[in-house]
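The values are calculated or read from the model by the stated rules, or taken from the named source; none is laboratory data. Remember, predicted model here, so these are calculated numbers, not experimental data. Note that we place each Cβ from the backbone using ideal geometry, even for glycine, and neighbour counts take in every protein chain shown.
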């Protein structure tokens, strides 16, 4: 720790809590082989890089070289309120780093012959509507299913930060979908909904609750004795850090009020993740065929290969083959970077939302920079057409045009209503949970709203219904595309 201060008033309580954390976790740190310690120069560089987190939410870092741990240390505090330090035994939410574990579970079941990666998901989840197009398990693994994203959908429906979400919400959302974002296999679009539903497929195929399957078939055999799936709201997890975001006066706690898993919802330690990293090389759990399957990249209908494989990105990083993924949940941030040819990598787990991607990159440079090609100092060439592209078609709607767009619009998929009206020459939107917001004209019949609302495109009535006044619009807000809203009378 750097610059940490104990106060006399809280000393007894803090000593007690620190001892409690240690007794809950440190006894079970995996007995992984440890290489020669990091060099003094490397430690000095790392200490200097991490010094900014002294006395604040920070991160736990683990370095593996030649298959052995050379360093595993915490920088900063796990709990600001009680001054509990971060350590290698601290448990943190790993966010989307969890996706590779879900994909591994699916690969295990495929290897068992319990399912096929090319199964129509309706074989396992008959509640999913028949969209007239087959969505396969493989489509969901590689984020090319066309399913709408749960977080963007719920935000559009009015969900606020802190509102509870549960595992059943993913399948329930899909049951109410009328359309897909796109034809399965046509595009890559990251989708948490799909991975939550993959967890449901694991449960139904195996006959075991997903957390139990993971504990029995994955965590236990790998030696991940401090890893937990959070499967119920408010679940107590021993040794877990609090998560924080910074504000104008310091830090505030950020809560994950959910029991969603498959896409995330997994809590672990750096040592457990080191054991998992080792399994990519040893294949002691799952076997060589499953490990090879994990690294199979998705292929679009066009034949284009994706970097996304089974819950991991596979590719090249400065001349080295790399397997990696990052994660974000509440105020937690995580990164998993494995360099197979060096039998090494970097794992970072943080309880600070603004940790940024620079910290893991800096740590990688400190310990593996000599094995990586130099970073290019050349900036990407400017797109010759960039100025022309930026000059998109402008549109200034008339008062009559704006008035024709006013009214209430309903999404049957999300069962939510937005009311549009004109105020001071501006088209405005109103939702009972989001309040009021402006819609800026971008192009003919196209407006831009705040992030949760995204881009709205009004559709002209070709049938003459409504006297030519638009009766529908479609919204796209990133991972939800062309969601239909229809005019209604309230």
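Please note which strands (runs of 3 or more DSSP E) are completely contained in the range 399-472 and include at least 1 residues that are surrounded by 12 or more Cβ atoms within 10 Å (Cβ to Cβ) and in contact (Cβ under 8 Å) with a residue 60 or more places away in the chain.
Correct list: 407-411, 416-423, 426-431.
Taking the range 139-158 as the region of interest, how many residues are under 29 Å from residue 419 (Cα atoms) and out of contact with any helix residue (DSSP H, G or I) (no Cβ under 8 Å at 6 or more places or on another chain)?
Counting residues in the range 139-158 that are under 29 Å from residue 419 (Cα atoms) and out of contact with any helix residue (DSSP H, G or I) (no Cβ under 8 Å at 6 or more places or on another chain) gives 5.
Output the residues belonging to the range 454-469 that are over 25 Å from the mean Cα position of the chain (by Cα) and modelled with pLDDT of 95 or more.
456, 457, 458
Exactly one condition in (1) touching a strand residue (DSSP E or B) at 6+ places or on another chain (Cβ under 7 Å); (2) within 27 Å of residue 111 (Cβ to Cβ) is not met by residue 359; state its number.
(2)
Scan (1) out of contact with any strand residue (DSSP E or B) (no Cβ under 9 Å at 6 or more places or on another chain); (2) surrounded by fewer than 17 Cβ atoms within 10 Å (Cβ to Cβ) for the single condition residue 315 breaks and write down its number.
(1)
For residue 473, all conditions in the list (1) farther than 19 Å from residue 396 by Cα; (2) at pLDDT 95 or above hold save one; what is the number of the exception?
(1)
Restricting to the range 238-251, count the residues that are surrounded by 13 or more Cβ atoms within 10 Å (Cβ to Cβ) and out of contact with any helix residue (DSSP H, G or I) (no Cβ under 6 Å at 6 or more places or on another chain).
8
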